[in-house]
């Protein structure tokens, strides 16, 4: 008994070998409509449609994407629409993700289509709802510094230092970087404090972090801070007296 893969290959070959002059593009794609279940089972990533014209490939891939959408398989639907370069259908899939509250996926789709209007709309919604990660993704894609700073401030207030650092470093806001560093010091998150003060170019703060790390016997971080601050005296002291 033939496997599904062999059946699909045979059907594709039969169509490819048919007399193109006697068949319209509509006739070609209608054949694929009948075999759509087999194509879906085989999977979008396993198909080779290179023997068909751009118009036929577009139609087949779009039909497959729509079939995946009807089945609730948005991930494969998006793959099909990407291969078809069907921007309109991709945006529709983005709206589907929104309805499912899968905002990260929706934003990734809108980034692919370059849909700035939807990115801004969804970014604002996520920011207002406290969904900081997708908001960050949307505003980074837009290069929207003002909204990014709003996200960064919320990240800072919620001790989400990783995201705050990503934002403040992206917009190169030294004042916010120093504020982030100070907040990290209070929470003893010296790793991000060092990164923030380094990017802000604040050597005095780096030396302060070095002193605090030495007090807490975190020699490796103290050395990192002193070196970034250009403090040769303390760097040499640690290297000479705290060799591993």
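Here, each number is a calculation from the coordinates, and none is a lab measurement. Note that this is a predicted model, so its numbers are computed, not measured. Here the Cβ is made from the backbone with ideal geometry for all residues, glycine too, and neighbour counts use every protein chain on show.
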The answer for the per residue Cα convex hull volume of region 108-229, in Å³, is 93 Å³
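Please list 116-123, 96-103 highest first by mean number of surrounding beta-carbon atoms within 10 Å per residue.
Details: 116-123: 18.4, 96-103: 15.6.
Highest mean packing first, the order is 116-123, 96-103.
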Region 101-141 and region 168-244 have their Cα centres apart by a whole-number Å value of 34 Å
Relative to the chain, whose Cα atoms define the longest principal axis, helix 174-186 and its Cα axis are tilted in degrees, nearest 10, by 70 degrees
Once residue 124 and residue 216 are pulled to full extension, the length gained, defined as 0.36 nm per residue separation minus their Cα-Cα distance, is 29.0 nm
Restricting to Cα pairs under 8 Å and 6 or more apart, the percent relative contact order of the chain works out to 7 percent
Longest principal axis of the chain (C-alpha) makes with the long axis of helix 132-142 (C-alpha) an angle, in degrees to the nearest 10, of 80 degrees
Relative to the chain, whose Cα atoms define the longest principal axis, helix 103-113 and its Cα axis are tilted in degrees, nearest 10, by 70 degrees
Checking 114, 230, 210 against a Gaussian network model of the chain (alpha-carbon springs below 10 Å), the top fluctuating residue turns out to be 230
Rounded to the angstrom and largest first, Cα extents along the principal axes for region 49-137 equal 48, 25, 15
Here the gain from full extension of residue 170 to residue 99, 0.36 nm per residue of separation minus their alpha-carbon distance, amounts to 22.5 nm
Residue 54 and residue 158 label points (each 7 Å along its Cα→Cβ direction) are spaced in nm at 4.4 nm
Rounded to the angstrom and largest first, Cα extents along the principal axes for region 180-244 equal 32, 21, 14
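Set the Förster distance to 35 Å, then compute FRET efficiency between residue 239 and residue 149 from the Cβ-Cβ distance, nearest 0.05. Working shown, then result.
Values: r = 39 Å, r/R0 = 1.12.
So the FRET efficiency works out to roughly 0.35.
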Ranked by GNM mean-square fluctuation in the chain (Cα springs under 10 Å), the top entry among 218, 202, 76 is 218
Matching label for the computed Kirkwood radius over Cα pairs in Å, out of [x] 21.2; [y] 23.0; [z] 22.1, is [z]
If R0 = 35 Å, then residue 182 and residue 232, at their Cβ-Cβ distance, give a FRET efficiency to the nearest 0.05 of 0.85
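At 222 nm, what value in deg cm²/dmol follows for the chain if DSSP H runs of at least 4 each add -39500 (n - 2.57) and the sum is divided by all its residues, to the nearest 500?
Values: 16 runs with 189 residues, N = 244.
Computed mean residue ellipticity for the chain: -24000 deg cm²/dmol.
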